Amino acid sequence: MSRHATITQSYQERASLPKTSPVASYLLRLIAAKQTNLCVSADVSTTRELLQLAEEVGDSICMLKTHADIINDFGPRTIEGLKEIAAKKHFLVFEDRKFGDIGSTVQKQFTAGPLQIVRWANIINAHIFPGPAIITALSQAAHDAVKPPLLRSLLILAEMSSAGNLMTGSYTEQCVVEARKNPEFVMGFIAQRTLNEQPGDNFITMTPGVQIGATGDGLGQQYNTPEKVIGEAGTDIIIVGRGVYGAQDKRAKAEEYRVRAWKAYEGRIGAATATKGSR
């Protein structure tokens with residue numbers, strides 16, 4: 001694992017570093033305050049299921065990841081209910097839209113249509129296969145639609161957890177290059193390891209494909225443990241889907257993941273501190 005400075009720093013320390021996007025800074029402070037680096041993926045199909053899950057796991061998460069386009073009855077009730085629970089439980093909302101089109105199209109997908117994502121999602125994500133203009137287009141749309149302090153931020157999809165995916169090393173490297181050009185809007189990456197390499201990097205890395213006691217789902221998904229992605233790969237937030245929403249007691253299962261991921265983080269920065277002290 002790369003020995004970048006962010007691996008040894010606490011979330012609270014990183015929140016004040018230069019070149020940290022406003023949303024990233026807020027999120028890092030939120031993570032430190034709630035002592036949770038868990039994001040639950042709400043892969044459910046009704047507003048009722050979504051809001052019920054948000055209520056049940058809200059105290060244990062820093063973020064809820066949504067797929068609005070699979071909610072059969074998505075509408076104003078969904079939006080207002082989600083915003084209300086997020087404010088009450090103190091977590092951010094990440095819409096996993098994976099934007100990947102030309103600039104004018106992604107702007108409309110972000111701000112218009114039945115989903116109106118810009119209204120309620122604090123964080124979105126995108127591929128950069130269409131080129132860096134997709135970042136500029138989404139940033140401009142967010143700036144025009146939402147005024148401070150209600151800011152929006154972008155995660156670049158740099159790596160995936162599915163077997164045989166085509167996100168090669170050169171693509172991942174270009175993701176980092178483009179992120180460095182847009183530090184006010186790009187907060188970090190979806191990736192399997194920390195992508196902070198240069199001294200000034202302070203990107204947040206979120207890692208999907210985390211599940212306890214499973215190695216895959218038969219459909220290409222490959223699972224890792226909280227200890228592996230946080231403790232060994234140096235990432236910042238685990239994303240857990242079926243491991244939580246598929247559990248009988250979702251609240252208890254979310255808390256189990258929170259505890260394990262947080263202990264992995266404490267072990268990582270503690271081990272780094274101990275190593276420094278022994279030199």
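The values are calculated or read from the model by the stated rules, or taken from the named source; none is laboratory data. Keep in mind the model is a prediction, meaning the values are calculated, not measured. Backbone-built Cβ (ideal geometry, glycine too); neighbour counts: all protein chains shown.
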Any idea which of ALA214, ALA254, ALA264 is modelled with pLDDT under 95 and not charged (D, E, K, R)?
ALA214
What is the residue count in the range 26-68 for residues that are in contact (Cβ under 8 Å) with a residue 60 or more places away in the chain and not in a helix (DSSP H, G or I)?
14
Of everything in the range 83-120, what is among the aliphatic types (A, V, I, L, M) and either over 26 Å from MET160 (Cα atoms) or over 12 Å from the mean Cα position of the chain (by Cα) (or both)? Give them in sequence order.
ILE85, ALA86, ALA87, ILE102, VAL106, ALA112, LEU115, ILE117, VAL118
Answer yes or no: is there a residue in the range 168-188 that is small (Gly, Ala, Ser), surrounded by fewer than 19 Cβ atoms within 10 Å (Cβ to Cβ) and under 23 Å from LEU64 (Cβ atoms).
no
Looking for something under 25 Å from ALA233 (Cβ atoms), among the aliphatic types (A, V, I, L, M) and buried (at least 20 other Cβ atoms within 10 Å of the Cβ) - is there at least one such residue anywhere in the range 40-49?
yes
Looking at ALA33, ALA5, ALA15, which one is in contact with a helix residue (DSSP H, G or I) (Cβ under 8 Å, 6 or more places away or on another chain) and not charged (D, E, K, R)?
ALA15
In this structure, is LYS65 closer than 18 Å to SER153 by Cα, of a type in the set (D, E, K, R) and either modelled with pLDDT under 95 or touching a Ser or Thr at 6+ places or on another chain (Cβ under 9 Å) (or both)?
yes
Among ILE135, ILE128, ILE124, ILE102, which is closer than 24 Å to GLY241 by Cα and among the aliphatic types (A, V, I, L, M)?
ILE124
State whether one or more residues within the range 187-204 are of a type in the set (Asp, Glu), under 20 Å from SER139 (Cβ atoms) and at pLDDT 95 or above.
yes
Any idea which residue in the range 14-25 is surrounded by the most Cβ atoms within 10 Å (Cβ to Cβ), counting only those that are assigned to a helix (DSSP H, G or I) and touching a residue at least 60 places away in the same chain (Cβ under 8 Å)?
ALA24
Identify the residue in the range 141-167 that is hydrophobic (A, V, I, L, M, F, W, C) and without any contact (Cβ under 8 Å) to a residue 24 or more places away in the chain and, among all such residues, is surrounded by the most Cβ atoms within 10 Å (Cβ to Cβ).
MET167
